[in-house]
Amino acid sequence: LTVDVNQEIEPIFTQVLAACTGGTIVLPSTSTNSIVGSWFPAINNTATTTYTFTPDAGQCATDETMTVDVTPQTTPSFSPIADICSGDALSLPGSSTNSISGSWAPAVNNTATTNYTFTPDAGQCATTQGLTVNVNAQTTPSFSPIADICSGDALSLPGSSTNSISGSWAPAVNNTATTNYTFTPDAGQCATTQGLTVNVNAQTTPSFS
């Protein structure tokens, strides 16, 4: 009596590429040499896992294993952006300090404090990240009115406002004509320009009969 014994076939698979944590992992239900079966344990997209392929009955095939690597996602890091004044120039970096490129949403807003979200470009195995940029409202310098003067009288303009903003005036002081002056705050004070008018009255020449 002769009994034929068929040699068991080893299923062949193309290695599944490494995935990022939370990414999609698909294990083929059929080997490249046409063996049909199932995998155990259930797919886990949060940790590197070794899976075992068990052929369906009646195919005279062996079990096979495959390890699928799962790479932890990198968190983009950014240097804090210093507070700005409303209207100041503002730009957000195109890549993180740990070299992850991506884009920001919403659009840059230099008039209000905004929470931005950085979304990494595809293929970098990185998470989104938030960044808040504080935008401070500009202060308006305030000044006490300067009483009218007579042409030629002494005239000086204050070096700082009544709400403690320092700066400079333009044009140069003129004590011979009514002039509109503009106060420009020194840098770094988050303050607006302000105008001040000083009335200069022409001197009257006394007349006698």
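The values are calculated or read from the model by the stated rules, or taken from the named source; none is laboratory data. In this text the structure is predicted, and so the values were computed from the model without any measurement. No Cβ is skipped: glycine too gets one built from the backbone with ideal geometry, and neighbour counts run over all protein chains shown. Accessible surface is based on the protein model in full, side chains and every heavy atom, while ligands, DNA and RNA are left aside. Shrake-Rupley method; radii C 1.70, N 1.55, O 1.52, S 1.80 Å.
In region 1-123, carbon and sulfur make up what percent of the accessible area (probe 1.4 Å)?
Answer for region 1-123: carbon and sulfur cover 52 percent of the accessible area.
Highest GNM mean-square fluctuation, the chain, Cα pairs closer than 10 Å: which of Asn33, Asn115, Asn134?
Asn33
Out of all DSSP beta bridges with both ends in region 121-209, state the antiparallel percent to the nearest 5. Don't jump to the answer; show the numbers that get you there.
On the way: 10 of 13 bridges.
If we restrict to bridges inside region 121-209, about 75 percent are antiparallel.
Which whole-number percent gives the relative contact order of region 25-127, counting Cα pairs below 8 Å spaced six or more residues apart?
Dividing the mean separation by the residue count of region 25-127 yields 19 percent.
Using the heavy atoms of the protein chains alone and a 1.4 angstrom probe, what is the accessible area of region 1-134 per residue in square angstrom?
For region 1-134, the solvent-accessible area averages 61 Å² per residue.
Farthest toward the dipole's positive end in region 1-140, which of Phe78, Thr114, Ile35, given Cβ charges of +1 (Lys, Arg) and -1 (Asp, Glu) about the Cα centre?
The one lying farthest along the dipole's positive direction is Thr114.
Would you kindly enumerate the cysteines in the chain that have no other Cys beta-carbon under 4.7 Å from their beta-carbon?
Isolated Cys, the chain: Cys60, Cys150.
Residue by residue through region 104-117, which ³J(HN,Hα) values in whole Hz follow from phi under the Karplus form 6.51 cos²θ - 1.76 cosθ + 1.60 (θ = phi - 60°), with glycine and proline marked x?
For region 104-117, the Karplus-derived couplings read 10, 8, x, 4, 4, 10, 9, 10, 8, 4, 9, 9, 9, 10 Hz, x marking Gly and Pro.
Determine ³J(HN,Hα), in whole Hz, for all residues of region 163-168 in sequence, where each value follows from phi through the Karplus function 6.51 cos²θ - 1.76 cosθ + 1.60 and θ = phi - 60°; x replaces Gly and Pro.
9, 6, 9, 8, x, 9
Here are labelled values, (1) 2.28; (2) 0.97; (3) 1.16, and one is the computed Cα Rg over 2.2 N^0.38 Å for what I pasted. Which one?
Looking at Cα Rg over 2.2 N^0.38 Å for this model, the match is (1).
Treat every Asp and Glu Cβ in the chain as -1 and every Lys and Arg Cβ as +1, leave all other atoms uncharged, and give the resulting dipole magnitude about the Cα centre to the nearest 20 debye.
On the way: 0 positive and 13 negative charges, 202 e Å.
The calculation lands at about 980 debye.
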